[in-house]
1. For the range 1-88, what does the alpha-carbon gyration tensor say about shape, rounded, prolate or oblate, given a ≥ b ≥ c as the root eigenvalues, a/c under 1.5 as rounded, and a/b over b/c as prolate?
2. Taking H as built 1.01 Å from N, whose amide H comes closer than 5 Å to the amide H of ARG239, not counting residues under 5 places away?
3. Provide the FRET efficiency to the nearest 0.05 for the ILE246-THR295 pair, computing r from the beta carbons and using R0 = 25 Å.
4. Spelling out what I want: for every residue of the range 332-347, take phi, set θ = phi - 60°, compute 6.51 cos²θ - 1.76 cosθ + 1.60 (Karplus), and round to whole Hz; glycine and proline get x.
5. Tell me, rounded to the nearest percent, the portion of alpha carbon pairs in the range 65-120 spaced more than 18 Å apart.
6. When the Karplus curve 6.51 cos²θ - 1.76 cosθ + 1.60 is applied with θ = phi - 60°, which whole-Hz ³J(HN,Hα) does each residue of the range 199-206 get, with x for Gly and Pro?
7. Over the Cα atoms of the range 194-310, compute the convex hull volume and normalise it per residue, giving Å³.
8. Using only the Cα atoms of the chain, what are the Rg and Dmax in Å?
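Quick note: the coordinates plus some simple rules give every number you see, no bench work behind them. Predicted, not measured: the structure shown is a model, and the values here were computed from it. Ideal geometry is used to build each Cβ from the backbone, glycine not excepted, and the neighbour counts take in all protein chains shown.
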Amino acid sequence: MNDAIEPVLAGLREERLLELQLRYAETPAPTFDESRRAGVVAQLWREAGLDPHIDEAGNVLALRPGVRDEPLLVVSAHLDTVFPIDQDVTVRRPGDWCDYCETPGVVPEGEYHGPGISDCAAGLASVTGVIEALQAARAVTPSSILFAAVVGEEGIGDLKGTRHLFASDWGPRIGAFVTVDIGVRGALIHTGVASYRYRFTFRGPGGHAWDNFGRYNPLHAAARAAGKIAMYSAPAEPRTSYNVGIIGGGRSINAIPESAFFELDLRCVDPGGLEAAAAHILDLVRAGHEEYAATVDGDSSYAAEMLGYRPGGTTPWDDPLVAAACQAIEAEGLVVRTGPASTDANIPIGLGIPAVAFPWGGSERNLHSVRESFRPKGRLLDVRALARLALTYRGPQLTR
């Protein structure tokens, strides 16, 4: 099997990877509206010689047979970005004027700027590049590989695509899972950060800002509750984070709104720690609402809705998938870097299926910002490592 490695590696070219990345990045793909990009992925995979199809969830799937039919190795990247459909996603190339840059100006040589240029256009490019190299070399892999471009990884997508994959007929056939979704060179993530996502909604009678001053104002209540959360000292051990990312409500500056809301992302490397933090956050929101409601008039209410849950856990360091991934990275002269993260790998990890998040190569800045940028220099090493993993991984027998 090692005889197949060099021809595949020789087929990986930086220019082609960049070409793929730019095409993906300039195809809008908001969470829940990924069909345009899914169509591009399916077309490119079909041109490479695979037979992709788009499933009920919107995932692009293509099976590439190997020596062993099952269990399958999944190699994936997510389709969606955090940006709305009307966001300009034109990539600013070297020499272009860049209004995306931290300091507006001409893009330097070796840099590319645009919303979603890295996350996850770079991941999709890496997966597609490996597919093309495997196909061109007619390489035979030890495991059959299910290539996947999945929906719903970002925002409140709740890992929709990967959840669907494991709940589908494919699920029992999968023995290991790799998602290309990390922007750190040589990174190998085998611990999934557990998370909850909530929407807190506050309601009152509404009214006129002057005539009904002193009446319960849902936006004031939401701000008070969010302020209490902001004062929460999250534990350093186990590491815990929170973020109020969206707040809204109302229709006019001189009207008391009938409703308001905010959305919260809460994460912890330990599932038990997540439960404790969530209980504390819920208490803070309740207290914020009750304290404010006691000082004003009018009926009021609030509600907490869970928008998503990502299970946490760890694929053991001595698991064959982790070992093969480390060997593949080190074979390219890279130093393996590890740490926790929240990715599509959380779903299989939560099911007890070996899973890791793999780097897309190069270097990025300002993920999830319109100022996102990418430098492809050095990217080829991580993509070569991904190809090595596909060519060398031999998983355990399926026992489920």
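1. It comes out oblate by the Cα gyration axes.
2. Long-range HN contacts for ARG239: VAL269.
3. 0.45
4. Computed from phi, the couplings for the range 332-347 are 9, x, 8, 8, 5, 10, 10, x, x, 7, 10, 9, 4, 5, 4, 5 Hz.
5. Value for the range 65-120: 51 percent of Cα pairs lie more than 18 Å apart.
6. 10, 9, 10, 10, 10, x, x, x
7. Numbers: hull volume 10.1 nm³, N = 117.
So the per-residue hull volume is 86 Å³.
8. 23.2, 81
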